[in-house]
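Peer 1: For reference, the structure I am asking about is given below.
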Amino acid sequence: MKKALANTRVSVKLRKSEYREEWYLYVEAYPVFQTDKPTPQRVREYLNRTITTPIWDKSRNARTDKDGKTTYKPKRDLNGIIQCKSQLDQESCIYADKVRSLRQKEYDNASLYSETDAEQAEQLERSRCNFIDYFDHVQRTRHAHSSDSIIANWNRVYELLKIYSKGNAIPFSQIGLKFVESFRQFILNAPQGGTKTGTLSQNTASTYFSIFKAALKQAFIDGYLTIDISAKVKGIQGRESRREYLTVDELNRLAQTPCDPLLKRASLFSALTGLRHCDIQKLKWSEIEEFNGGYRLNFTQQKTKGVEYMPISEQAFQLCGERKDGEQLVFAGLPDPSWINRPIKKWVAEAGITKHITYHCFKHSYATLQLAGGTDIYTVSKMLGHTNVRTTQVYAKVVDAKKEEATKTIKLDLPMAE
């Protein structure tokens, strides 16, 4: 079956000015078939050029108006270029013909190319794009409203990509299994950011490489990669970190130990609710409501952006202090994570606790104590705002370890078997 051709013809034409004795040069293409138009179109492109001395071909009438006045078509040479008396006008007509020639080739090529050819041409163009620029675009558009920690992690991987490439571009055409493995090895030995010295921890490297793989996956979805390379590469295995927590006795000791009142209230509130620092720092009075004779939180988690309805105990509500106007912060003035752990370290030491405790440990304490107290893991997962119960299972391992230790506390003097 023969392929239907559009046979679009492009020509240079003149349009008379309404106010002066001059003519505008433009190129016109016809027929042009557009997907949103049912009939072929005339496409005109004005060239910002005018002439005043065209030579008219008296043997070729253009039109005759109602008064009997006849106009003529412009005279052209053997190549179809409009002829003029003025050298300057002639140069303008030559320029117009070059534009016409360029547009004619574009229409001819578009007609001759198959859809496969066009897709191959587009893919070739995408393969020349810079992966680092694409990564930056993804983090700015798809993660613009993510939590601060997610944005910070994506930005750090973006900076590491620039360090890895030594400031050079990374075209998509160069991205293959060899490149991905090379970047994987780089991540494992990459420097820490900011004022920190040394290389990344295994868990941080695992997080960063997962972000890198997510960008590769998105590039495949967006058509920049022809194969899903991310599915062919294993991630970096994270090491199970020790999650320190406080017992009920230790929490009571902290409650009795002098400390900055705001810091003490916010820390113990986290231990009683399992809320993250970022959620407590931005908690408003309008998000605490009375419900079924008790109290609950109605808020949006900063990390997951999930809307949560969380019941809280009477003690947790008391830690909030005196109720204020709805838009006021419950724990106004609570320090940022980078400043809060130093006073916590001093407070913990003065309470006689030797564990390495940070603010996040109060959240760990809530999860561990709930599981140890018999609350099922699915309820705890929901209370913590986890999107996957597997995230909560790490606390269950701590409880299991404590149970194993408990079995060793009872020892009997059993007679030896004969």
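Peer 1: How much accessible area does VAL248 have with a 1.4 Å probe, in Å² rounded to the nearest 10?
Peer 2: 90
Peer 1: I've got another one for you. Answer with one residue from PRO54, TYR24, GLN120: the one whose Cα lies farthest towards the positive end of the charge dipole of region 1-120, charges on Cβ with Lys, Arg +1 and Asp, Glu -1.
Peer 2: Looking along the dipole axis, the top candidate is PRO54.
Peer 1: Would you work out which of THR197, GLY167, SER147 lies farthest towards the positive end of the dipole of region 107-238, given +1 charges on the beta-carbon of Lys and Arg and -1 on that of Asp and Glu, about the Cα centre?
Peer 2: Looking along the dipole axis, the top candidate is THR197.
Peer 1: Could I ask something else about it? Apply the Karplus parameterisation 6.51 cos²θ - 1.76 cosθ + 1.60, with θ equal to phi minus 60°, to every residue of region 257-269 and state each ³J(HN,Hα) to the nearest whole Hz, in sequence, with x for glycine and proline.
Peer 2: Here the 3J(HN,Hα) series is 8, x, 6, 4, x, 5, 4, 5, 4, 5, 5, 5, 4 Hz.
Peer 1: Using the charge dipole of region 319-367 (Lys, Arg: +1 at Cβ; Asp, Glu: -1 at Cβ; taken about the Cα centre), state which of LEU319, ILE340, HIS356 has its Cα farthest towards the positive end.
Peer 2: HIS356
Peer 1: From Cα pairs below 8 angstrom and at least 6 apart in sequence, can you work out the relative contact order of the chain, rounded to a whole percent?
Peer 2: 10
Peer 1: Ok, one more. Once you have the Cα-Cα distance between THR354 and ARG253, take 0.36 nm times their residue separation minus that, and quote the gain in nm to one decimal.
Peer 2: 35.1 nm
Peer 1: In region 31-76, which chymotrypsin sites (Phe, Trp or Tyr not before Pro) are in a loop and have at most 15 other Cβ atoms within 10 Å, using DSSP for the loop call?
Peer 2: Passing both the DSSP loop test and the Cβ count: PHE33.
Peer 1: Relative contact order of region 1-152, please, whole-number percent, based on alpha carbon pairs below 8 angstrom and at least 6 residues apart.
Peer 2: Relative contact order for region 1-152 comes out at 18 percent.
Peer 1: With a 1.4 Å probe and all protein chains in place, put HIS137, HIS277 in order of accessible area, largest first.
Peer 2: Descending order: HIS137, HIS277.
Peer 1: What size of dipole, in debye to the nearest 20, comes out for the chain about its Cα centre when the only charges are +1 on Lys and Arg C-beta atoms and -1 on Asp and Glu C-beta atoms?
Peer 2: Approximately 1480 debye in magnitude.
Peer 1: Do the alpha carbons of any pairs in LYS73/LYS105; LYS264/LYS363; LYS178/LYS232; LYS58/LYS85; LYS166/LYS217 sit beyond 18 Å of each other, and which pairs?
Peer 2: Over 18 Å apart, Cα to Cα: LYS73/LYS105; LYS166/LYS217.
Peer 1: Please state the shape class of the chain: rounded when a/c is under 1.5, otherwise prolate if a/b exceeds b/c and oblate if not, all from the C-alpha gyration tensor.
Peer 2: Because a/c hits 1.5 or more and a/b exceeds b/c, the chain counts as prolate.
Peer 1: Still on this structure, please answer the following. Please give the solvent-accessible surface of GLU159 in Å², to the nearest 10, using a probe radius of 1.4 Å with every protein chain present.
Peer 2: 60
The values are calculated or read from the model by the stated rules, or taken from the named source; none is laboratory data. None of the values given here were measured: they were computed from a predicted structure. Cβ sites come from the backbone with ideal geometry, for glycine too, and all protein chains shown count toward neighbours. The area values use the complete protein model at the heavy-atom level, side chains included, leaving out ligands, DNA and RNA. Shrake-Rupley method; radii C 1.70, N 1.55, O 1.52, S 1.80 Å.
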